[in-house]
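Let me begin by presenting the structure, written as structure tokens, before commenting on it.
The values are calculated or read from the model by the stated rules, or taken from the named source; none is laboratory data. Computed from a predicted model, the values in this text were never measured in an experiment. When we count neighbours, we look across all protein chains shown, and the Cβ atoms used for this are built from the backbone with ideal geometry, even at glycine. With ligands, DNA and RNA removed, areas are computed over all heavy atoms of the protein, side chains included. Shrake-Rupley method; radii C 1.70, N 1.55, O 1.52, S 1.80 Å.
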Amino acid sequence: MAELVQRYLDQIRAEHADDGDGALADYIPELATVDPDRFGLSLSLADGYIYESGDAAVEFTIQSVSKPFTYALALEHIGADAVDAKIGVEPSGEAFNEISVDERTKIPKNPMINAGAITAASLVPGTGVDDRFERILEFYSACAGRELSVDEDVYASEKATGARNRAIAYMLQSFGVLDGDPDRILDVYFRQCSITVTSTDLARMAATLARGGVDPGHGRRLMHPAVVQRTLSVMVTCGMYDAAGDWVSAVGLPAKSGVGGGIAAVLPGQLGIGVYSPLLDEKGHSVRGVRVCRSLSESLGLHFLSVPRESRSTIRASYDVESGVRVYELHGDLLFAGAERVLRTLERECVDFDVAILEISRVDDIDDAARRMLAGMRESLRRLDKDGYIVDPDAAMADAEVTVHVFATLDEALAAAAQLRASDG
Ligand code: DON
């Protein structure tokens, strides 16, 4: 039944597959050598379950998607006060590589633009470049759930052509923001940007933030909740640079993009999204990445300001009424991630029943994405030689194109199930 979600993902990706707008980043020459057609989309649910579509296994360099993670690492190690003394949290409305500090405080305006990100790299404790970088690599790897490595060619290319970042770093040194040799700090930053990831890695890293700092694969706590809250806050306000307002209005997910073509987006409490498509718009964001995130948010109802957080598990109880008939009582607000969980539970448990009855009378609110998914439940169960009914006394499913049988009471659904089982012999 996970195939229902898979189909949504494939469909949304397919809608954008032919978009050829944008250009490869070429200010780092090695980035201009990648295949412009690559397009990967991954979704990691908060429990670590992964959906992938297209080129989800293709590696690319993380670039600026690294920035929130290094910021989080600095917060984690030296605390918010020490970090705040060096990096602000105000949106700059400027390009990512603006040579600027805040006029009044003389520190970088936020950690998502290069000035703030270079400063964040300088705040990660370590005895030297290698030690500091190892700490960063280890942290990203833990968030991604696998050992990551560096693309040495991109690193060399960026190091050879990084005049603008050098200008930023020396400016920061002159304002007393950077302690230490700017070139050594830049070396850490260039290496951090050259770490290779897949869209699935980004989805997992985003899901670690969605889980409040707990890695969804192993359940290990990697960040304190307060660090995640701060990191997500600056992702909302500054993650998409001078396009942050458009992004928040249209997509509504804390996110970060990179000139390698990646975007990581977070729906707190629920899921992480990773996209890869290297053709960029003039602000340095993946064109298809932005479009596919927008479509996902619209069609799955993911805007973080319209989604009440799920405080309870969606399945309140499940029980067998007679052999072959299992009733699932749902409650709370039923949204995409909750409906996905329900369908996956049905798929896992369907060896134990012939008919599943979803009792949704205690569901407070159900959105279109969840409605569509429940409506597709029967079709999926039929393929497995099973059946599915819904008990919906309040007509919450009324607007759905329903292929599933909907009943007003549990007794009616049970009678239909008994009849079906009798006729199946
Ligand atoms: O600092 C740079 O130029 C790159 N390593 C990262 C820039 C980047 O990804 C900007 N984001 N869209």
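Residues checked against (1) closer than 25 Å to Ile28 by Cα; (2) at pLDDT 95 or above; (3) within 12 Å of the ligand (Cβ to nearest atom); (4) outside the structural domain of Asp84 (by TED's automatic domain parsing):
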residue	(1), (2), (3), (4)
Ser233	no, yes, no, no
Val236	no, yes, no, no
Gly239	yes, no, yes, no
Arg291	yes, yes, no, no
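Would you pick out the residues in region 254-270 that are at pLDDT 95 or above and either open to solvent by 30 Å² or more (accessible area, probe 1.4 Å) or within 16 Å of the ligand (Cβ to nearest atom) (or both)?
Once the filter is applied, which keeps residues that are at pLDDT 95 or above and either open to solvent by 30 Å² or more (accessible area, probe 1.4 Å) or within 16 Å of the ligand (Cβ to nearest atom) (or both), region 254-270 yields Pro254, Ala255, Lys256, Ser257, Gly258, Val259, Gly260, Gly261, Gly262, Ile263, Ala264, Ala265.
Can you tell me which residue in region 35-48 is farthest from the ligand (Cβ to nearest atom), limited to those that are at pLDDT 95 or above and open to solvent by 10 Å² or more (accessible area, probe 1.4 Å)?
Restricting to residues being at pLDDT 95 or above and open to solvent by 10 Å² or more (accessible area, probe 1.4 Å), the top hit is Asp37.
Could you tell me which residue of region 141-159 is farthest from the ligand (Cβ to nearest atom), considering only residues that are acidic (Asp, Glu) and in contact with a helix residue (DSSP H, G or I) (Cβ under 6 Å, 6 or more places away or on another chain)?
Glu147
Identify, by number, the condition in (1) under 16 Å from the mean Cα position of the chain (by Cα); (2) assigned to a helix (DSSP H, G or I); (3) more than 26 Å from Leu222 (Cβ to Cβ); (4) polar (S, T, N, Q) that Gln11 doesn't meet.
(1)
From the list Ile78, Ile28, Ile62, exactly one residue is over 23 Å from the mean Cα position of the chain (by Cα), buried (at least 22 other Cβ atoms within 10 Å of the Cβ) and aliphatic (A, V, I, L, M). Which is it?
The match here is Ile28.
Assigned to a helix (DSSP H, G or I) and of a type in the set (D, E, K, R): which single residue out of Lys67, Lys106 fits that description?
On inspection, the qualifying residue turns out to be Lys67.
Determine, yes or no, whether Glu152 is free of Cβ contacts under 8 Å to residues at least 12 places away in the same chain, open to solvent by 10 Å² or more (accessible area, probe 1.4 Å) and within 30 Å of Gly217 (Cα to Cα).
Spelling it out, it is not the case that Glu152 is free of Cβ contacts under 8 Å to residues at least 12 places away in the same chain, open to solvent by 10 Å² or more (accessible area, probe 1.4 Å) and within 30 Å of Gly217 (Cα to Cα).
Matching residues to (1) of a type in the set (D, E, K, R); (2) within 16 Å of the ligand (Cβ to nearest atom); (3) buried (at least 16 other Cβ atoms within 10 Å of the Cβ):
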position: Tyr276; (1), (2), (3): no, yes, yes
position: Leu280; (1), (2), (3): no, yes, yes
position: Gly284; (1), (2), (3): no, yes, yes
position: Ser297; (1), (2), (3): no, no, yes
position: Arg316; (1), (2), (3): yes, no, no
position: Val321; (1), (2), (3): no, no, yes
position: Val327; (1), (2), (3): no, no, yes
position: Gly332; (1), (2), (3): no, no, yes
position: Ala337; (1), (2), (3): no, no, yes
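What are the pairs, 6+ residues apart or on separate chains, where a residue within region 194-206 that is open to solvent by 10 Å² or more (accessible area, probe 1.4 Å) has its Cβ under 7 Å from a residue that is of a type outside the set (Gly, Ala, Ser) and part of a helix (DSSP H, G or I)?
Partner pairs satisfying both residue conditions: Arg204/Cys143.
Out of the helices (runs of 4 or more DSSP H) lying entirely within region 143-248, which hold 2 or more residues that are charged (D, E, K, R)?
Per the criteria, 152-161, 163-174, 182-193, 199-210.
Run down Val342, Val363 and say which single residue is buried (at least 20 other Cβ atoms within 10 Å of the Cβ) and farther than 20 Å from Asp47 by Cα.
Unique residue meeting the criteria: Val363.
Taking only pairs six or more apart or across chains, which ones have beta-carbon atoms under 8 Å, a first residue in region 100-115 that is hydroxyl-bearing (Ser, Thr, Tyr), and a second residue that is modelled with pLDDT of 95 or more?
Ser100/Pro108; Ser100/Lys109; Ser100/Ile113; Ser100/Ala115; Thr105/Gly88
Among the residues of region 161-209, count how many are polar (S, T, N, Q) and within 25 Å of Val228 (Cα to Cα).
Number of matching residues: 7.
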